Amino acid sequence: MPTILGIPLDVNSSYLRGPARAPQKIREALHHDASNNWSELGVDVGATGAFNDAGDLRLNDSWEKISDDFVEIERAVGELLKKGEQPVSLGGDHSITYPVLRAFAKRYAELTIVHFDAHPDLYDEFEGSRVSHACPFARIMEERLAKRLVQIGVRTLNRHQREQAEKFGVQIVQMRELPVYDQLKIHGPVYISFDLDVLDPAFAPGISHREPGGMTVREAIAHLHAIEANIVGADIVEYNPEQDVAGMTATVAAKILREVLGKIIAQK
Ligand code: MN
Ligand code: MN
């Protein structure tokens, strides 16, 4: 069964704080009376027992104790995996995906990550930090926590990150190459990492790094629906309530969450 886990951490954000407050806001939007809880694929995500909610982790969210927080994230995700659940974490900035994947790697040797993002997040280090939200996929690939990494929606590729992608064998599908539905039929277990800034800021202004020219909500949902694989977990990261306009990005995050949960529930 999919299980939501809130990860309130934004100390690894390079520019703005805010995503630590995201998990509760996304939950509120998911349960809001303005919408029913059926996914577009015909799953009643709101049915009793359709998914679990493990609540929010208690973290320090400080530079001094970042290794403690990463250990705690890995432990909590590992516990859900041990119970046979599919963890769907709500970030938090994107740095959380690294400790989450450390837990997944212990259970799945042949994992493919499908990563939605305006940014490749492949920096070796960023502004002196190797655990910045600009770095998680460099750490993940260095430690071989996934067999394959497919990035979709990238539109900020620079020379350093292109070299990193080549070094690690990352498959980058840039925004201008969409759609790529045919490349989403994947053999083996899949983890979805969804950075909300993959969306055009016109649809999702509540993020820290607005990068125009992104996906419509419809394009993102169409690519999520096109994933043919066994989805074993997911994260939705980088929602920044401080930057949001009338809560519209929380509504979008909840919509993406509902579609991800619906896909996981439907595959059983
Ligand atoms: Mn990211
Ligand atoms: Mn991003």
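The values are calculated or read from the model by the stated rules, or taken from the named source; none is laboratory data. Computed from a predicted structure; not experimentally measured. Cβ placement follows ideal geometry from the backbone for every residue including glycine, while neighbour counts extend to all protein chains displayed. These accessible areas exclude ligands, DNA and RNA; they are computed on the full protein's heavy atoms, side chains included. Shrake-Rupley method; radii C 1.70, N 1.55, O 1.52, S 1.80 Å.
Numbers for the structure displayed
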| read-out | value |
| --- | --- |
| Cα-Cα over 31 Å, subset of K65/K255; K65/K263; K82/K147; K25/K167 | K65/K255; K65/K263; K25/K167 |
| DSSP bridge pairs, the chain: antiparallel proportion in percent, nearest 5 | 5 |
| For the chain: accessible area per residue (Å², 1.4 Å) | 41 |
| Pairwise FRET efficiency - K82 versus T156, Cβ, R0 = 45 Å, nearest 0.05 | 0.75 |
| Whole-Å semi-axes of the ellipsoid equivalent to the range 2-266 (Cα gyration tensor, √5λ, descending) | 23, 21, 20 |
| Net length gained if the chain between K167 and Q24 were fully extended (0.36 nm per residue, minus Cα distance) | 47.7 nm |
| Alpha carbon centroid spacing (whole Å) that separates the range 35-77 from the range 146-224 | 22 |
| Summed side-chain charge close to G18 - residues other than G18 whose Cβ falls under 11 Å, Lys, Arg +1, Asp, Glu -1 | -2 |
| Surrounding net charge for E72, when Lys and Arg each add one and Asp and Glu each subtract one, Cβ distance under 10 Å | 0 |
| Shape category assigned to the range 1-144 from the gyration tensor of Cα positions, a/c cut at 1.5 | prolate |
| With eigenvalues of the C-alpha gyration tensor scaled by 5 and rooted, the range 189-268, Å | 23, 12, 11 |
| P(r) weight above 18 Å for the range 44-109, C-alpha pairs, percent | 39 |
| FRET E, pair R75, A34, Förster distance 45 Å, beta-carbon r, rounded to 0.05 | 0.80 |
| Heavy-atom accessible surface of the chain: percent carbon and sulfur, 1.4 Å | 48 |
